[in-house]
Amino acid sequence: MVLEEERQAIVDFGILMVRAGLTTGTGGNLSCCDRVRGLMAISPSGVPYDALKPRDVVVADLDGYIVDGDLKPSSEIGFHLALYHHRADIGGVVHTHSVYATTLACLHLELPPIHYLVGFAGYKVPVAPYATFGTDALAQNICQTMGADDNAVLLANHGLVTVGADLTHAFNIAEEIEFVARIFCQAKAIGEPVVLEDDEMKRVIQKFKTYGKQDDVCGR
């Protein structure tokens, strides 16, 4: 089976996406890219994540031609492809309808760095202008909003898109941004959240480059 490991990853993270409360039903979509082979594995359209099998995951080349799979790819395949062309460092894309991030998206409010964990996505999470789902206009809006150093954008009146070096990275960012979005919404209900300065976020982002990497402290 073509891209067997990547297809299994789509199944696994699709289930995790629902369990983590990042989407409901068949909402959202996710993909990962093998740049050496020029292929992408992407979730199919309209299939419940708990019923998804690796063979159901669609494989396409980076021009959008279907290489393997009997089902239709996600209706948002256009922006997944656009993001892979937009930035060579992207190896995974996650699109969620998580409650708090989507709440901000429906208010057209960007997520400022009120918590240092925003640094996983950049200095802030901007909002891409609204466009109908599955359209070239939406793909264009996302790419125009997501800068070279951004790993997440809110989609106005829609949801959240995160990117990473691989699917694990993109998924982790989606979880962290939903957490901070919740904190932001709750803080706004009480008062005005205090935003971290750019200099502090620069330090945080630099530290995140080595976060989780274990040093050989025993000299082995």
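Peptides 44-51, 92-99 ordered by packing proxy, namely the average of other Cβ atoms within 10 Å per residue, highest first: 92-99, 44-51. In vacuo Debye scattering of region 117-220, one point per C-alpha: log10 I(q)/I(0) at q = 0.15, 0.23 Å⁻¹? For region 117-220 at q = 0.15, 0.23 Å⁻¹, log10 I(q)/I(0) is -0.72, -1.32. Under 22 Å of direct C-alpha separation, and excluding same-chain neighbours fewer than eight residues apart, residue 188 reaches these lysines: 124. Here residue 53 is the anchor, and the lysines within straight C-alpha reach of less than 16 Å, apart from those fewer than 8 places off in the same chain, are 72. Measuring r between the beta carbons of residue 136 and residue 168 and using R0 = 41 Å, the FRET efficiency lands at 0.90.
Could you sort 159-171, 107-119 so that the peptide with the highest average Cβ count within 10 Å comes first and the rest follow in order? Write down the numbers at each step before the final one.
Details: 159-171: 22.5, 107-119: 18.8.
Ranked from most to least packed, the peptides come out as 159-171, 107-119.
If the Kirkwood radius is taken over C-alpha pairs of region 41-89, then at 37 °C and 0.692 mPa s the Stokes-Einstein diffusion coefficient equals 292 µm²/s. Across region 111-123, computed HN-Hα scalar couplings (Karplus, 6.51 cos²θ - 1.76 cosθ + 1.60, θ = phi - 60°) run 9, x, x, 7, 9, 5, 5, 4, x, 4, 9, x, 6 Hz from first to last residue, x flagging Gly and Pro.
What dipole magnitude, in Debye to the nearest 20, does the chain give about its Cα centre under +1 on Lys/Arg Cβ and -1 on Asp/Glu Cβ?
Values: 17 positive and 28 negative charges, 51 e Å.
With only Lys, Arg, Asp and Glu charged at Cβ, the dipole is about 240 debye.
Picking from 131, 38, 168, whose Cα lies most toward the positive end of the charge dipole for the chain (charges on Cβ: Lys, Arg +1; Asp, Glu -1)? Farthest towards the positive pole: 168. Within the shell of other residues whose beta carbon sits under 14 angstrom from the beta carbon of residue 25, the net charge comes to 0, with Lys and Arg scored +1 and Asp and Glu -1. Ordering 81-91, 22-32 by mean Cβ neighbour count within 10 Å, with the highest value first, yields 22-32, 81-91. Solvent-accessible surface of the chain, averaged per residue with a 1.4 angstrom probe and all protein chains in place: 51 square angstrom.
When the Cα positions of 47, 66, 26 are compared along the charge dipole of region 1-96, 26 comes out farthest toward the positive end, with charges on each C-beta of Lys, Arg, Asp and Glu.
Scanning residues 5 or more positions from residue 125 or on other chains, those with amide H under 5 Å from its amide H are 111, with H placed 1.01 Å from N in the peptide plane. Each Lys or Arg adds one and each Asp or Glu subtracts one; over the other residues with Cβ under 14 Å from the Cβ of residue 56, this totals -2.
The values are calculated or read from the model by the stated rules, or taken from the named source; none is laboratory data. Since this is a predicted model, take the numbers as computed values, not measurements. All Cβ positions, glycine included, derive from the backbone under ideal geometry; neighbour counts span all protein chains shown. Side chains are part of the model used for accessible areas, which takes the heavy atoms of the whole protein and leaves out ligands, DNA and RNA. Shrake-Rupley method; radii C 1.70, N 1.55, O 1.52, S 1.80 Å.
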